[in-house]
Amino acid sequence: MGRKLLTEHINVEGIETLDVYRKHGGYRSVEKALKTMTPDEVVEEVKKSGLRGRGGAGFPTGLKWSFLAKPEGVPRYLVCNADESEPGTFKDRQLMSKLPHLLIEGMITGSYALGANTSYIYIRGELLYVLRILEKAIAEAYAAGFLGKNILGSGYDLDLYVHPGGGAYICGEETALLESLEGKRGNPRNKPPFPAVQGLYARPTVVNNVESIAAVPVIVNEGGDEYAKIGVGKSTGTKLFSACGHLNKPGIYEIELGLPVEEFIYSDEYCGGIWKGRELKAVVAGGSSVPILPKELILKTAAGENRLMTYESLSDGGFVTGTMLGSGGFIAMDETTNIVRNTWNFSRFYHHESCGQCSPCREGTGWLEKVLHRLVHGHGQMQDIDLLVSVAKQIEGNTICPLGEAAAWPVAAAVRHFRDEFEWHVTHPQEATKAGAIFPGK
Ligand code: NAI
Ligand code: SF4
């Protein structure tokens with residue numbers, strides 16, 4: 001049984017209230033940090049922990065914090081990215097609704113470390129009920145002296161606000177989020193400058209995912225070195241995975257990084273195997289933006305080693321035979337899944353969500369959707385399959401933000417690993433387009 005650093009108390013009755021949360025050790029990191037540590041010492045512990053961004057990119061959190069520009073007299077901000085919208089990803093929603101004080105505690109300790117006196121939680125607009133839970137918890141934290149002026153008599157002040165998102169997937173891209181928070185349309189900005197230098201209101205800003213911030217109290221309480229003992233190599237600590245699709249036990253699991261993928265899928269402690277006694281066909285391991293892998297490659301690397309739930313192992317083989325850990329949205333597909341239709345479904349999403357600023361993404365996502373639509377509806381031609389790859393390549397590296405690549409990579413990977421199924425849609429259009437049609441294999 002792996003350690004649960006974030007979710008140990010998630011099922012305790014009343015844990016969303018300050019009293020119960022404190023009875024289970026809540027807010028210790030605020031007391032420890034504000035009373036016994038300098039801000040730089042807190043940053044140092046986070047660096048030592050090896051924590052990597054849990055939103056999807058996996059960038060080292062401590063390093064990001066140390067990049068924060070600190071010009072004298074200029075305010076700086078900590079912004080929590082709670083605009084969780086990646087298809088297949090639903091872990092932050094659970095953390096915030098069940099453990100709002102864990103996030104608030106992380107925001108206070110993190111804001112102290114960064115020298116921020118005003119911080120924001122930008123939450124997906126559709127999660128209004130979670131916003132209300134957070135607001136209630138924030139009010140409790142103010143009343144108990146954990147927020148506001150002179151927190152716990154330390155001389156440190158912090159105001160924390162929750163802001164509802166703009167209702168678009170792109171508002172979760174960090175610079176689009178900042179634009180939206182400023183009251184504008186959520187269009188991504190060019191990077192550099194990175195938010196650490198020029199972020200909210202052009203001030204130095206750190207944007208961190210909910211789960212990353214929720215890990216800060218544990219790191220401060222136990223020490224960065226202790227946290228780093230969990231996991232494998234540069235994948236330290238625990239990670240939440242939201243498992244969905246054709247599994248016996250879909251749900252949210254906190255795992256110690258390094259768990260074999262096979263164990264995650266098949267053991268009763270986690271997903272309990274594939275539903276209805278069927279075979280696994282493919283997995284999207286880290287939310288819809290990452291390349292799909294067929295069963296053989298998700299369970300073992302190309303070198304025949306067990307694939308592990310780590311940043312390195314999941315990406316072993318690059319995009320030829322590997323994928324990414326991403327946001328932890330783990331989507332399992334059984335043998336009846338139509339991969340072409342599934343790819344079309346994802347591509348519709350990205351086309352719809354493209355903000356339209358750059359042509360390769362605006363036009364390219366439209367092309368991908370159109371060509372896939374043709375294939376799915378029995379009007380495809382053989383050259384369409386290579387056309388998909390060609391469009392995907394022309395998007396890659398030519399856009400302002402990663403949405404373009406998020407649309408392109410999964411399509412290219414689906415063609416790479418399931419070309420015969422794409423060809424079947426061309427050679428057997430009537431059979432392939434029937435409702436519930438199952439690819440018969442080679
Ligand atoms: P990124 O790799 O561009 O950046 C990662 C972070 O590091 C950013 O905060 C960036 O500002 C910072 N950074 C990188 N280089 C820096 C430097 N030299 N100086 C200062 N800061 C620097 O990736 P991004 O855009 O943050 O995330 C993309 C990922 O997000 C995708 O791969 C996808 O997995 C995930 N995603 C997650 C969603 C969710 O709902 N959780 C939704 C959509 C995408
Ligand atoms: Fe907008 Fe797409 Fe360009 Fe991102 S890549 S800025 S979503 S058009």
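The values are calculated or read from the model by the stated rules, or taken from the named source; none is laboratory data. Quick caveat: nothing in here was measured; it's all calculated off a predicted structure. Positions of Cβ are backbone-derived with ideal geometry, glycine not excepted, and every protein chain shown enters the neighbour counts.
What is the residue count in segment 325-350 for residues that are within 16 Å of ligand 2 (Cβ to nearest atom) and hydroxyl-bearing (Ser, Thr, Tyr)? The total comes to 2. For Asp420, are the conditions met, namely being in contact with a Gly (Cβ under 9 Å, 6 or more places away or on another chain) and either at negative phi or in a helix (DSSP H, G or I) (or both)? When the stated conditions are applied, Asp420 passes them. Taking helices (runs of 4 or more DSSP H) as the structural unit, those lying wholly within segment 256-322 and holding at least 1 residues that are touching a Lys or Arg at 6+ places or on another chain (Cβ under 9 Å) and surrounded by fewer than 17 Cβ atoms within 10 Å (Cβ to Cβ) correspond to 261-266, 311-314, 318-321. Which residue pairs have Cβ atoms closer than 9 Å, lie 6 or more positions apart in sequence or on different chains, and pair a first residue in segment 270-296 that is farther than 19 Å from Thr89 by Cα and acidic (Asp, Glu) with a second residue that is assigned to a loop (DSSP other than H, G, I, E, B) and more than 16 Å from ligand 1 (Cβ to nearest atom)? Between residues of segment 270-296 that are farther than 19 Å from Thr89 by Cα and acidic (Asp, Glu) and residues that are assigned to a loop (DSSP other than H, G, I, E, B) and more than 16 Å from ligand 1 (Cβ to nearest atom), the close pairs are Glu279/Glu335.
Restricted to segment 330-360, and to residues there that are in contact with a Lys or Arg (Cβ under 8 Å, 6 or more places away or on another chain) and part of a strand (DSSP E or B), the residue that is nearest to Leu388 (Cα to Cα) is Met333. On inspection, Ala413 does not qualify as within 21 Å of the chain's Cα centre (by Cα), within 16 Å of ligand 2 (Cβ to nearest atom), closer than 17 Å to Ser288 by Cα and buried (at least 21 other Cβ atoms within 10 Å of the Cβ). Taking segment 142-173 as the range and being over 27 Å from the mean Cα position of the chain (by Cα) and on the phi < 0 side of the Ramachandran plot as the test, the residues that pass are Tyr142, Ala143, Ala144, Phe146, Leu147, Lys149, Ile151, Ser154, Tyr156, Asp157. In this structure, does Gly258 turn out to be over 19 Å from the mean Cα position of the chain (by Cα) and of a type outside the set (D, E, K, R)? So Gly258 does not fit the description; no. Taking the criterion of being within 16 Å of ligand 1 (Cβ to nearest atom) and of a type in the set (Phe, Trp, Tyr), the only residue of segment 264-313 that qualifies is Tyr311.
Results for (1) touching a His at 6+ places or on another chain (Cβ under 6 Å); (2) of a type in the set (Val, Ile, Thr); (3) surrounded by fewer than 20 Cβ atoms within 10 Å (Cβ to Cβ), shown as yes or no for each residue.
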site	(1), (2), (3)
Pro100	no, no, no
Ile104	no, yes, no
Ser119	no, no, no
Tyr122	yes, no, no
Leu128	no, no, yes
Ile133	no, yes, yes
Ala139	no, no, yes
Gly145	no, no, yes
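For every residue, the table says whether it meets (1) among the polar types (S, T, N, Q); (2) within 21 Å of Ala214 (Cβ to Cβ); (3) within 16 Å of ligand 2 (Cβ to nearest atom).
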| site | (1), (2), (3) |
| --- | --- |
| Arg124 | no, yes, no |
| Ala144 | no, yes, no |
| Leu158 | no, yes, no |
| Val162 | no, yes, no |
| Gly167 | no, no, yes |
| Gly172 | no, yes, yes |
| Thr175 | yes, no, yes |
| Leu181 | no, yes, no |
| Asn190 | yes, no, yes |
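Check whether at least one residue in segment 377-395 is in contact (Cβ under 8 Å) with a residue 12 or more places away in the chain, part of a helix (DSSP H, G or I), surrounded by fewer than 23 Cβ atoms within 10 Å (Cβ to Cβ) and of a type in the set (Lys, Arg), and report yes or no. Yes, segment 377-395 contains at least one residue that is in contact (Cβ under 8 Å) with a residue 12 or more places away in the chain, part of a helix (DSSP H, G or I), surrounded by fewer than 23 Cβ atoms within 10 Å (Cβ to Cβ) and of a type in the set (Lys, Arg).
Restricting Val210, Val162 to those that are closer than 26 Å to Gly237 by Cα and not aromatic (Phe, Trp, Tyr) reduces the list to Val210. For the criterion of being farther than 27 Å from Asn209 by Cα and within 16 Å of ligand 2 (Cβ to nearest atom), Glu353 fails. Looking at Glu174, Glu179, just one residue is over 27 Å from Glu44 (Cα atoms), surrounded by 15 or more Cβ atoms within 10 Å (Cβ to Cβ) and either of a type in the set (Ser, Thr, Tyr) or out of contact with any helix residue (DSSP H, G or I) (no Cβ under 6 Å at 6 or more places or on another chain) (or both), and that residue is Glu179.
Could you check, for segment 378-397, whether at least one of its residues is of a type in the set (A, V, I, L, M) and under 23 Å from the mean Cα position of the chain (by Cα)? Within segment 378-397, one or more residues are of a type in the set (A, V, I, L, M) and under 23 Å from the mean Cα position of the chain (by Cα). When Gly62, Gly58 are checked against the criterion of being at pLDDT 95 or above, among the small types (Gly, Ala, Ser) and within 30 Å of Asn345 (Cβ to Cβ), a single residue qualifies: Gly58.
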